[in-house]
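A short reminder: the numbers here are calculations on the coordinates, not readings from a lab. Computed from a prediction, not measured in an experiment: that's the story for all the values here. Note that each Cβ is placed from the backbone with ideal geometry, even for glycine, and that neighbours are counted across all protein chains shown.
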Amino acid sequence: MSTDDNKTIQDEEIEALSAIYGDDWVTIDSESRNYCIKIKDENSENVILMEVLFPPYYPKTSPPQYTLSAPWLRREEKISLEDALADIYCANIGESVIFLWVERIREYLQEKSSVKRQENPVSPASSHDDSDEISKEEDDCSEYSFTKIQEELDKCPSEEQEESREEVECPEIHHGESFMDRKSVFQGHIASISQTKQVKLVLQSLYQSKKIASATHNIYAYRISKDDQSEVFYQGCEDDGETQAGSRMLHLMQIVDARNVIVVVTRWYGGIHLGPDRFKHINNCARQLLDEHGYIKSKNEKKGPKSSKKKR
């Protein structure tokens, strides 16, 4: 693959990362493709800065270069984190990995914050005060509403193929195993599609289940290739109230190059805020179904990258 082809993929990845992380994604030098992202956990004061450099042959034949900046990190913690990033690269060789790296670092910060909270539990009084603050992103489950469902259906899809006179049928929908975290339940659904019209049909079919229709969120993303040899895609996503969840799921599908498929992740909110963990669960649901149904190509294991900063 030529450097021009890699540059096109990089441009798409940079655009997606900028959209997902907003002000936390900073351009250092666009010509040399040097960027910095501030990674933080909303429940922690700890911050890790990751500076990344896109080399000409990334992602197809070389990894991105990076440097982690976090003075509070112990040497052994930094080495462990770098090893985790190397493992991610080895599992996704030839694909865009910056998003996966950032989310892994965020998970590390969450784990660090969780350990700190266990060591220094809050008092019952302060815990009560926190529970009174209702998150905009995680309101209580709304009542079953066909009006809301129809409004969501009218939004879809965001990019339409040309009208076809052929009758379009709803594809078979496969349902993943549901799982619970702190009373919130997540379940994924997947279907093979070849036309954007089928997006609405899949959603209509799912919404025939009162349980799914009354869920707090039904997040979805889809990608459709124009033909087998084409790099032109019809794609779209919907957060359904879970801000940025749909765009993150779509970026995951772009990274693994999933084609002609729609993934829907249903969440029933259980009354306890999950913080960034909810995004991890949503993407894990999507990735598991994509893998189970053959939309993720396996990669041969290779040696992964290390931080460009020399260890002392």
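Assuming a ≥ b ≥ c are the square roots of the Cα gyration tensor eigenvalues, decide whether the stretch 20-100 counts as rounded (a/c under 1.5), prolate (otherwise, with a/b larger than b/c) or oblate. Provide the component values of the computation, followed by the final result.
Details: a/c = 1.85, a/b = 1.24, b/c = 1.49.
Cα axes put the stretch 20-100 in the oblate bin.
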Subtracting the Cα-Cα distance of Ala84 and Ile28 from 0.36 nm times their residue separation yields 17.6 nm
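How much length would be gained if the chain were fully extended between Lys60 and Lys183, taking 0.36 nm per residue of separation minus their Cα-Cα distance, in nm to one decimal?
Computed gain between Lys60 and Lys183 is 40.2 nm.
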In whole Å, largest first, the alpha carbons of the stretch 161-293 cover along the principal axes 46, 31, 25
If each K or R counts +1 and each D or E counts -1, the residues other than His174 whose Cβ falls under 14 Å of its Cβ total -4
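Which links in Lys78/Lys280; Lys40/Lys78; Lys112/Lys280; Lys112/Lys211; Lys226/Lys280; Lys7/Lys40 stretch past 26 Å when you go from one Cα to the other?
Values: Lys78/Lys280 22 Å; Lys40/Lys78 16 Å; Lys112/Lys280 16 Å; Lys112/Lys211 36 Å; Lys226/Lys280 30 Å; Lys7/Lys40 28 Å.
Cα-Cα > 26 Å for Lys112/Lys211; Lys226/Lys280; Lys7/Lys40; rest within.
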